[in-house]
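Worksheet: the structure to be examined is printed underneath.
The values are calculated or read from the model by the stated rules, or taken from the named source; none is laboratory data. Just so it is clear, the model here is predicted, and its values are computed rather than measured. As a convention, Cβ positions derive from the backbone with ideal geometry for all residues, glycine included, and neighbour counts pool all protein chains shown. For accessibility, only protein heavy atoms count, side chains too; no ligands or nucleic acids. Shrake-Rupley method; radii C 1.70, N 1.55, O 1.52, S 1.80 Å.
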Amino acid sequence: MASRINNLAAFHQKLAKADRILAICGAGLSAASGLPTFRGVGGLWRNYEATDLATPEAFASDPGLVWLFYAYRRHMALQALPNAGHHALAALAKKNPNFLCLTQNVDNLSSRAGHQQQQLHTLHGSLFTLQCSSYPSQCTYIDKNNTLDPLCPALAPASASASINPPSNDPPNPSHSQPSNPIIPLLDPSTPLPRIPKSHLPHCPQCKNLLRPGVVWFGESLNPGMLAEIDAWIDQGGPIDIVLVIGTSSVVYPAAGYAEKARTKGKTSVVTVNMEVGVEVDDDIEEPRMMWGKGRGRKRRQEEDLVFQGGAEEWLPRMLEPVIGVAKDDGTYE
């Protein structure tokens, strides 16, 4: 049996026959652009887990701290550039009108790569959308594509810190010399941060309540209208030939469920592109069983599924080359 791991020829055979393609993207897609994932070793921000700050309760308790975290992420995303993975998916959208991309990323790098908006759903919102903190129950103010950096003087330290000494998600290597740049107090968890008065933070121009990042926080629901559009696309357009699961461990719902929801048994190939892929070793079979997801959502890959282990920026241009061609010197496509 041909290997289902890193088998470009097998994928290209499937791609040649494919019409409807769905992509589900996670933080791993943007890793090559230098954006921290705030997960794993070195993934803290001032000793806070992202889950400590990305909640309505955290914002209600200390909106200044939460805004500093998001101002830092906004600045990092503005400094980053779309990588080869983003550009390859954007090129596929232009070539195939029956391709839909669902991204969990809030960094806007897919849009900046030229991904057509009608073929892109940002499941968790955007760092560059501002909305009233009472949206939508009391106030409907929303400001999209706001790239002002910093948003206000009180948040300027976040931009300065991101520029001078961005953290790495990699563990420190004792054999490498450490950077000489001093750590700015914002990024040094041993230095207390003065609490930012609410009056110094961005406010809604309509109702004067605080503005908040237009992202989906833990405990909040995704946009129901967007979810309805995705469900309609999956259910009403015929079988989906390929589901690309890119840079995600498939543990956050509802994104984690779309691969199986889109699957038509014997027809759909779920193709995973990730730095880490799950395998189960069984002495009674020649090839390890390939798994995807974690915990209770962990599923065995089907016979028609494939896995590519490595970065999306490495694999996607090669995987999609028969459709999108070869990138130009600047990384974009015709």
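Being in contact with a His (Cβ under 8 Å, 6 or more places away or on another chain), among the β-branched types (Val, Ile, Thr), under 28 Å from Glu229 (Cα atoms) and at pLDDT 95 or above narrows it down to one of Thr55, Thr103, so name that one. Full working, then the answer.
On the way: Thr55 fails: in contact with a His (Cβ under 8 Å, 6 or more places away or on another chain).
Being in contact with a His (Cβ under 8 Å, 6 or more places away or on another chain), among the β-branched types (Val, Ile, Thr), under 28 Å from Glu229 (Cα atoms) and at pLDDT 95 or above holds for just one of Thr55, Thr103, which is Thr103.
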Cβ pairs under 6 Å, 6+ apart or interchain, first in region 135-161 and free of Cβ contacts under 8 Å to residues at least 24 places away in the same chain, second of a type outside the set (Lys, Arg) and in a loop (DSSP other than H, G, I, E, B), ordered by first then second residue, are Ala156/Pro150
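Conditions tested, residue by residue: (1) open to solvent by 30 Å² or more (accessible area, probe 1.4 Å); (2) farther than 24 Å from Trp45 by Cα; (3) not β-branched (Val, Ile, Thr).
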position	(1), (2), (3)
Leu65	no, no, yes
Arg73	yes, no, yes
Lys94	yes, yes, yes
Thr103	no, no, no
Check: Does Pro224 count as open to solvent by 60 Å² or more (accessible area, probe 1.4 Å) and in contact with a Lys or Arg (Cβ under 8 Å, 6 or more places away or on another chain)?
Finding: no
Only one of (1) open to solvent by less than 90 Å² (accessible area, probe 1.4 Å); (2) among the hydrophobic types (A, V, I, L, M, F, W, C); (3) modelled with pLDDT of 95 or more; (4) out of contact with any Pro (no Cβ under 6 Å at 6 or more places or on another chain) does not apply to Cys152, and that is (4)
Restricting attention to region 2-31, the residues that are open to solvent by less than 50 Å² (accessible area, probe 1.4 Å), modelled with pLDDT of 95 or more and closer than 24 Å to Pro97 by Cα number exactly 13
